[in-house]
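So that we are looking at the same thing, I have put the structure below in structure tokens.
The values are calculated or read from the model by the stated rules, or taken from the named source; none is laboratory data. What you see is a predicted model; the values in this text were computed from it and never measured. Cβ placement follows ideal geometry from the backbone for every residue including glycine, while neighbour counts extend to all protein chains displayed.
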């Protein structure tokens with residue numbers, strides 16, 4: 001029983017850390033990354049799809065992303081979607097390739113991004129703490145139903161707390177790396 005509760009909590013905590021890592025990839029630094037625009041929704045055959053599902057996104061050079069739609073007919077829609085995503089990018093069509101210059105970040109914008117990153121990190125920490133709370137509640141219910149002993153309850157709570165500490169440390173490490181990346185000019 002204890003192992004099931006702990007394994008469930010650890011699996012959910014890993015998903016929270018993965019989600020946080022994915023959010024960090026979307027937050028812009030000075031370097032271009034396909035993750036900056038791959039989530040942009042483009043109207044395609046009557047529904048909105050993610051850009052990475054209808055085009056190849058790559059890094060052309062140190063300041064430019066390249067987008068190669070798989071169908072020529074959707075180039076204007078892709079360009080319009082990137083403009084409409086309010087990411088601060090101005091795509092330029094060059095034949096069958098859309099070039100997306102990534103402007104350098106100003107110092108003020110870097111500070112704003114750091115605030116956003118810290119807020120995302122706090123949200124991820126709260127998610128992990130909520131998972132800990134759920135696991136501890138489950139242990140208390142098992143104790144109340146006499147499926148586990150008080151010693152097992154304490155041992156389970158300690159194991160869940162250790163997992164919580166480990167995953168919060170991972171979030172803090174990811175946060176620290178992203179802050180350094182954002183401040184790197």
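Just one of 181, 152 is over 15 Å from the mean Cα position of the chain (by Cα), modelled with pLDDT under 95 and farther than 18 Å from residue 25 by Cα; which is it?
Just one listed residue meets the conditions, 152.
Yes/no per residue for (1) surrounded by fewer than 17 Cβ atoms within 10 Å (Cβ to Cβ); (2) outside any helix (DSSP H, G or I); (3) in contact with a helix residue (DSSP H, G or I) (Cβ under 9 Å, 6 or more places away or on another chain); (4) not assigned by TED's automatic domain parsing to the domain that holds residue 15:
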residue	(1), (2), (3), (4)
115	yes, no, no, no
121	no, no, yes, no
129	yes, no, yes, no
138	no, no, yes, no
152	yes, no, yes, no
155	yes, no, yes, no
160	no, no, yes, no
167	no, no, yes, no
172	yes, no, yes, no
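Continuing with the same structure: Got a sec? Which of 2, 36 is modelled with pLDDT under 90, under 17 Å from residue 163 (Cβ atoms) and in contact with a helix residue (DSSP H, G or I) (Cβ under 8 Å, 6 or more places away or on another chain)?
When all the criteria are applied, what remains is 2.
Moving on. Return yes or no: is residue 11 surrounded by 14 or more Cβ atoms within 10 Å (Cβ to Cβ), out of contact with any helix residue (DSSP H, G or I) (no Cβ under 7 Å at 6 or more places or on another chain) and either free of Cβ contacts under 8 Å to residues at least 40 places away in the same chain or over 27 Å from residue 181 (Cβ atoms) (or both)?
no
Here's the yes/no breakdown for (1) farther than 26 Å from residue 23 by Cβ; (2) outside any helix (DSSP H, G or I); (3) at pLDDT 90 or above:
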| position | (1), (2), (3) |
| --- | --- |
| 43 | no, yes, yes |
| 56 | no, yes, yes |
| 60 | no, yes, no |
| 75 | yes, no, yes |
| 87 | no, yes, no |
| 93 | yes, yes, yes |
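Condition first: in contact with a helix residue (DSSP H, G or I) (Cβ under 9 Å, 6 or more places away or on another chain) and either farther than 30 Å from residue 161 by Cβ or in a loop (DSSP other than H, G, I, E, B) (or both). Now tell me which residues in segment 14-33 satisfy that.
Scanning segment 14-33 gives 26, 27, 28, 29, 30, 31, 33.
Has segment 17-30 got any residue that is over 17 Å from the mean Cα position of the chain (by Cα) and closer than 30 Å to residue 168 by Cβ?
Yes, that holds for at least one residue.
So, one more: Here are some residues: 36, 24, 51. Which one is farther than 29 Å from residue 125 by Cβ and surrounded by 15 or more Cβ atoms within 10 Å (Cβ to Cβ)?
Checking each option against the conditions leaves just 51.
Scanning for something over 20 Å from the mean Cα position of the chain (by Cα) and at pLDDT below 95, does segment 107-125 turn up at least one residue?
Residues of segment 107-125 over 20 Å from the mean Cα position of the chain (by Cα): 107-108.
From the residues that got through so far, the ones that are at pLDDT below 95 too are 107-108.
Among the residues of segment 107-125, at least one is over 20 Å from the mean Cα position of the chain (by Cα) and at pLDDT below 95, which makes the answer yes.
Here is a further query. Would you check which residues across segment 60-86 are touching a helix residue (DSSP H, G or I) at 6+ places or on another chain (Cβ under 7 Å) and farther than 13 Å from residue 43 by Cβ and list them?
Matches in segment 60-86: 65, 67.
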